[in-house]
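The values are calculated or read from the model by the stated rules, or taken from the named source; none is laboratory data. In this text the structure is predicted, and so the values were computed from the model without any measurement. Here the Cβ positions follow ideal geometry from the backbone for every residue, glycine too, while neighbour counts run over all protein chains shown. To get the accessible areas, we keep the full protein, side chains included, count just its heavy atoms, and leave off ligands, DNA and RNA. Shrake-Rupley method; radii C 1.70, N 1.55, O 1.52, S 1.80 Å.
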Amino acid sequence: MSDSLPIVAVLGGTGDLGGGLAYQLAKAGYPVIIGSRGEEKAKASAKAMSDRVGTSVDGRENSAAATIADVVIMTVPFASHDSTLKSVRDAVQGKIFVDATVPLVPPKVARVQLPADGPAAKQSQMLLGENVRVVSAFQNIAATHLQSDDGHHNECDVLVSGNDPEARDMVVKLARDIGLRAWHAGAIDNSAVAEALTSVLIFLNKRYKINGAGLRITGEPGSAV
């Protein structure tokens, strides 16, 4: 990774959350690759985003996108979690891998159903191995805010957890560069909080007719932070 902005691949970048993250990153000046299981779909989404942002966005099959990127963000549905990890495992060695997966189990997506083996991000760390710096982030940001230009996404905070503090630093910077407030939230085990909170936010959206409930951390960091 050079002193310039890193290349970021968004696996599942043709979906709602992935597309929103890719859009905000491209707007912030990051070189972005949209990844998908199908190359044609990825290229079509990249072309549409390039036209919207006014800068070049690449589109490739997931493993090809991961190979080129410096930082890889995975935003696939939980049902595709393991298969996607296995398809890019070799390509992400030595890199920062951001897992934004939420373990939602339809049809009861407003009910917390964390996997018996632990948070999805922790499973990613175990499957990818210690040579990959897995970071958990972006689960609690509504895709509708990320895809729009209304600025509401900057009302949401991001919990960033992972075992490598330097990798967390990089993801905190990514989040801040796209207008979000991001917080170090500890080791990868703590991803359970963000993953579970998504189901609670879905419930709040439905119960109170909120268009994209989010998370805010109250208080201000002290001078020693």
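When the stretch 94-118 is limited to residues that are touching a strand residue (DSSP E or B) at 6+ places or on another chain (Cβ under 9 Å) and closer than 18 Å to GLY12 by Cβ, the one that is surrounded by the fewest Cβ atoms within 10 Å (Cβ to Cβ) turns out to be LYS95.
Of the strands (runs of 3 or more DSSP E) contained entirely in the stretch 123-221, those carrying at least 1 residues that are aromatic (Phe, Trp, Tyr) fall at 181-184.
Inspection of the stretch 20-33 finds a residue satisfying the criterion of being in a helix (DSSP H, G or I) and either modelled with pLDDT under 95 or among the basic types (Lys, Arg) (or both). The requirement of being touching a Cys at 6+ places or on another chain (Cβ under 7 Å) and open to solvent by less than 60 Å² (accessible area, probe 1.4 Å) is fulfilled somewhere in the stretch 178-186, by at least one residue.
Scanning the stretch 66-111 for residues that are more than 25 Å from ALA175 (Cα to Cα) and in a loop (DSSP other than H, G, I, E, B) gives ASP90, VAL105, PRO106, PRO107, LYS108, VAL109, ALA110, ARG111. The condition (being modelled with pLDDT of 95 or more and closer than 25 Å to ARG216 by Cα) is satisfied by just one residue among ALA79, ALA182, ALA142: ALA182. The single condition among (1) assigned to a helix (DSSP H, G or I); (2) within 21 Å of ASP99 (Cβ to Cβ) that PRO6 does not meet is (1).
Using the structure shown, decide if SER36 is buried (at least 24 other Cβ atoms within 10 Å of the Cβ), hydroxyl-bearing (Ser, Thr, Tyr) and free of Cβ contacts under 8 Å to residues at least 60 places away in the same chain. When the stated conditions are applied, SER36 passes them.
I'm trying to understand the selection: among the residues of the stretch 102-119, which are in contact (Cβ under 8 Å) with a residue 40 or more places away in the chain and either over 15 Å from LEU201 (Cβ atoms) or not polar (S, T, N, Q) (or both)? Steps first, answer last, please.
Taking the stretch 102-119 as the starting set, the residues that turn out to be in contact (Cβ under 8 Å) with a residue 40 or more places away in the chain are 102-104, 109-114, 118-119.
Across the stretch 102-119, the qualifying residues are VAL102, PRO103, LEU104, VAL109, ALA110, ARG111, VAL112, LEU114, GLY118, PRO119.
Scanning the stretch 45-80 for residues that are open to solvent by 30 Å² or more (accessible area, probe 1.4 Å), under 15 Å from LEU25 (Cα atoms) and among the β-branched types (Val, Ile, Thr) gives VAL53, THR55.
Go through the stretch 142-173 and count every residue that is open to solvent by less than 10 Å² (accessible area, probe 1.4 Å) and hydrophobic (A, V, I, L, M, F, W, C).
The qualifying residues number 7.
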